[in-house]
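Inspection log for the structure reproduced underneath, given as structure tokens.
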Amino acid sequence: IAVISSLFIVCSLFSAFVTTPQTASADSYSDYYEQRAGFKCYAYSVELTVNEDRTINFKERIDVEALRNFTMFYKSLPTDSIYTNITAKCDGNDAFNFYVMDNPDMDGFIDLCCEGNVKKGNRWVYEFSYTMEPNGEDIENGMILDVVGFGSPFALNNVDVTVHFPVKPLTCKRSYGGYDSSSG
């Protein structure tokens with residue numbers, strides 16, 4: 001799995017509403033990994049709600065096209081955090097079936113597996129939602145959160161991130177980037 005894109009947010013206390021839209025596209029890298037991974041990502045959006053108890057509600061949308069035939073589309077999550085209330089859907093895909101399993105190739109990850117109509121040329125918008133209880137390194141009165149994840153087997157294009165906090169932050173720093181992209 002290639003490290004493609006990552007977005008970190010470090011906040012002291014929390015904010016009522018923080019929106020952080022970012023667009024990251026790396027054409028040459030994207031083309032290479034699309035062919036290697038077999039998927040083209042048209043858009044990736046994630047909306048997070050950080051709760052007072054530091055659990056985080058995720059809502060993700062991934063708009064992808066299969067560049068060859070597959071048995072499934074999947075998203076991996078690291079098992080250093082606890083996940084509950086996991087759901088997935090793919091509107092318009094009558095053959096859609098969803099389940100969660102341990103990643104057979106990488107220790108320390110689970111896969112959110114989406115079967116059905118993952119055929120060359122088919123384009124689907126997969127929607128995932130789950131609650132995460134992070135087990136990461138928190139800072140006093142704040143947290144460090146990797147919003148997008150450590151990477152993806154394909155380039156994430158047109159990334160849009162919205163984060164809601166329970167109270168306004170005293171400070172908030174963000175970092176984003178990946179191969180052939182900017183950071184700020």
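The values are calculated or read from the model by the stated rules, or taken from the named source; none is laboratory data. Source: prediction; values computed, not measured. Methodologically, a virtual Cβ is constructed for each residue, glycine included, from the backbone with ideal geometry; neighbour enumeration extends over all protein chains shown. Surface accessibility is based on the protein's heavy atoms, side chains included, excluding ligands, DNA and RNA. Shrake-Rupley method; radii C 1.70, N 1.55, O 1.52, S 1.80 Å.
Taking 19 Å as the straight-line reach from the Cα of residue 119, the lysines in range (excluding those fewer than 8 positions away in the same chain) are 40, 75, 89. The loop-placed trypsin sites (Lys or Arg not before Pro) in the range 68-154, going by DSSP, that have at most 16 neighbouring Cβ atoms within 10 Å of their Cβ come out as 68, 119, 120.
For the full complex of protein chains and a 1.4 angstrom probe, list 72, 143 by accessible area with the highest value first.
Working: 72 40, 143 5 Å².
From most accessible down to least: 72, 143.
Using the Cβ-Cβ distance between residue 168 and residue 68 with R0 set to 45 Å, the FRET efficiency from 1/(1 + (r/R0)^6) comes to roughly 0.45.
In the range 36-97, a dipole from Cβ-located charges (positive for Lys and Arg, negative for Asp and Glu) runs towards its positive end, and of 87, 72, 49 it is 72 whose Cα lies farthest in that direction.
How large is the Rg to Rh ratio of the range 47-102 when both quantities use alpha carbon positions and Rh follows Kirkwood?
Numbers: Rg = 13.9 Å, Rh = 14.0 Å.
Checking Rg against Rh, the ratio lands at 1.00.
Fully extending the segment from residue 99 to residue 117, taken as 0.36 nm per residue of separation minus the present Cα-Cα distance, adds 4.9 nm. The alpha-carbon of residue 168 sits under 23 angstrom from the alpha-carbons of these lysines, leaving out residues fewer than 8 places away in its chain: 59.
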